[in-house]
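Data first, discussion second: the structure below is written as structure tokens.
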Amino acid sequence: MSEPARIDARGPRFVASITAVLLLIDVFLGLIGLSSQPGTSSGWAIQSASFAERVLDPAFLLLLLIVVLFAWSVIWARTAPWGVLFRSVVQPRLKPATEFEDPRPPHFAQVVGLFVTLVGLVLQLVGVPWGLTAAAAAAFVAAFLNAAFGLCLGCQLYLLLQRAGVIGRAQPVA
């Protein structure tokens, strides 16, 4: 049985840093945007907004970009922009890595981030007040914890599910 691939542990933190900044901007846009504004009559502005207005909201457009970046990193991890930036520009300027990790937990964390941000987009499209902002804020908290403290919530979830035998273990051949 071969040993799984290892990645420089600083890479996911670098990616989380950029993601956290983008998500923080999105939370700000959500706080001043369509999803959190009171309507002219009873209710919220998003509930009476047209589909086009919901899509063209700057918070929606930025979160859509973030979703695309998450999807890119889930489907084609080696070519995802922030990972390529880290490997080609940042990593060569750092001391050689001394800490490595299994790439599966960070990859799973990207899947979780994709799911959470997709939920935010759907909530915006169906007109749920604060939905996009809440989803972006939740994703921001996770990205910030990883970037600032090295605490990857998606990785911890992966390890929990792995211990439970749900994912990440080879199934015995029957």
Inset, instruction - Please identify the pairs in which a residue from the range 36-64 that is closer than 16 Å to Ala135 by Cβ has its Cβ atom under 8 Å from the Cβ atom of a residue that is of a type in the set (Phe, Trp, Tyr) and modelled with pLDDT under 95, counting only partners at least 6 apart or on another chain. - result: Ser36/Trp44
Inset, instruction - Determine whether the range 90-104 contains at least one residue that is surrounded by 15 or more Cβ atoms within 10 Å (Cβ to Cβ) and closer than 16 Å to Ala20 by Cα. - result: no
Legend entry - Only listed residue being farther than 26 Å from Gly150 by Cβ and either aromatic (Phe, Trp, Tyr) or at pLDDT 95 or above (or both), chosen from Ala59, Ala16, Ala20, Ala71: Ala59
Inset, instruction - Return a yes/no flag: does the range 76-85 have any residue that is under 23 Å from Gly30 (Cβ atoms), at pLDDT below 95 and among the aromatic types (Phe, Trp, Tyr). - result: yes
Legend entry - helices (runs of 4 or more DSSP H) within the range 1-67 that include 2 or more residues polar (S, T, N, Q) and surrounded by fewer than 19 Cβ atoms within 10 Å (Cβ to Cβ): 45-48
Legend entry - Filter result for the condition that a residue is touching a Phe, Trp or Tyr at 6+ places or on another chain (Cβ under 7 Å), among the hydrophobic types (A, V, I, L, M, F, W, C) and either under 25 Å from Ala49 (Cβ atoms) or modelled with pLDDT under 95 (or both), over Leu132, Leu118, Leu123: Leu132
Inset, instruction - Kindly indicate whether Ala109 is among the aliphatic types (A, V, I, L, M) and crowded, with 20+ Cβ neighbours inside 10 Å. - result: yes
Legend entry - Which numbered condition Val141 fails, given (1) under 13 Å from the mean Cα position of the chain (by Cα); (2) crowded, with 16+ Cβ neighbours inside 10 Å; (3) closer than 30 Å to Asp57 by Cα: (2)
Legend entry - Every pair of residues 6+ apart whose Cβ atoms lie under 8 Å, when the first sits in the range 76-103 and is hydroxyl-bearing (Ser, Thr, Tyr) while the second is at pLDDT 95 or above and surrounded by 13 or more Cβ atoms within 10 Å (Cβ to Cβ): Thr79/Trp72
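The values are calculated or read from the model by the stated rules, or taken from the named source; none is laboratory data. Quick caveat, the model's predicted, so the values are computed rather than measured. FYI the Cβ positions are ideal-geometry reconstructions off the backbone, even for glycines, and counts take in every protein chain you see.
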